[in-house]
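Worksheet: one structure, shown below.
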Amino acid sequence: MPDGASSLSETYQDWRVECVSNGDADRCVMVQVQVAQEGGQRVISVELNAPAADQAQGVVVMPFGFALAQGVTLSIDAETDGPKFGFSTCLPQGCFVPVSIDANMLDRLKSGGTLHIRGMPINGNEMVDYPISLKGFTAAFNRLNALR
């Protein structure tokens, strides 16, 4: 990390890059957390790392109440369909969805305006859409790669 710092937190519009040094290795991620206007509790979060310059992987933490067997779908802007990812587990913080983003989707994220994360509620018949702003996504991803 720069200047031997033990942690780093930088904001790139709607995304943050956060790093923590734990001795031999640095762990850096880019994060967006959405919170409820009332109460300020986390509703959904997206955390990504960059194992290579042309791919990303990480986790989406969803709220409770979704049909776990159906997973979630990620799409960009006006797309109605996209890759589907399954839930791995639920903990007190929420339900975790590991995601792996290839070069094609990464390019679309960099040029897009909104990432849509959609899931089916347990007792519903209509998908719930969580729009995630992509403002600052490219700058945050580039910074993440520079810190790798």
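We did not get these values from a lab; they are worked out from the coordinates using the rules stated. Not measured: the values here are computed from a predicted model. Neighbour counts run over all protein chains shown; Cβ positions are idealised from the backbone, glycine included.
Over what distance in Å are the Cα centres of region 3-58 and region 71-86 separated?
So the two Cα centres are separated by 22 Å.
Among 52-59, 114-121, how do they line up from the highest to the lowest mean number of other beta-carbon atoms within 10 Å?
Working: 52-59: 15.8, 114-121: 19.5.
Averaged packing, sorted descending, gives the order 114-121, 52-59.
For GLN57 paired with ASP24, estimate the spin-label separation in nm (one decimal), with each label point 7 Å from Cα along the Cα-to-Cβ line.
If labels sit at GLN57 and ASP24, their model points lie 2.0 nm apart.
Please report GLU79, GLU10 as a ranked list, fewest other C-beta atoms within 10 angstrom at the top and most at the bottom.
Values: GLU79 12, GLU10 15.
Exposure proxy ranking, most exposed first: GLU79, GLU10.
Which ³J(HN,Hα) values, rounded to whole Hz and listed in residue order, are derived for region 38-52 from phi using the Karplus coefficients 6.51, -1.76 and 1.60 in 6.51 cos²θ - 1.76 cosθ + 1.60 with θ = phi - 60°, glycine and proline given as x?
Coupling constants for region 38-52: 9, x, x, 7, 5, 9, 8, 9, 10, 10, 10, 10, 10, x, 8 Hz.
For Cα extents along the principal axes in Å, several values are listed as (1) 64, 34, 21; (2) 53, 29, 23; (3) 52, 33, 28; flag the one computed from this structure.
For Cα extents along the principal axes in Å, the calculated option is (3).
How far is helix 137-147 tilted, in degrees, relative to the longest principal axis of the Cα atoms in the chain, given as a value from 0 to 90 rounded to the nearest 10?
With rounding to tens, the tilt is 40 degrees.
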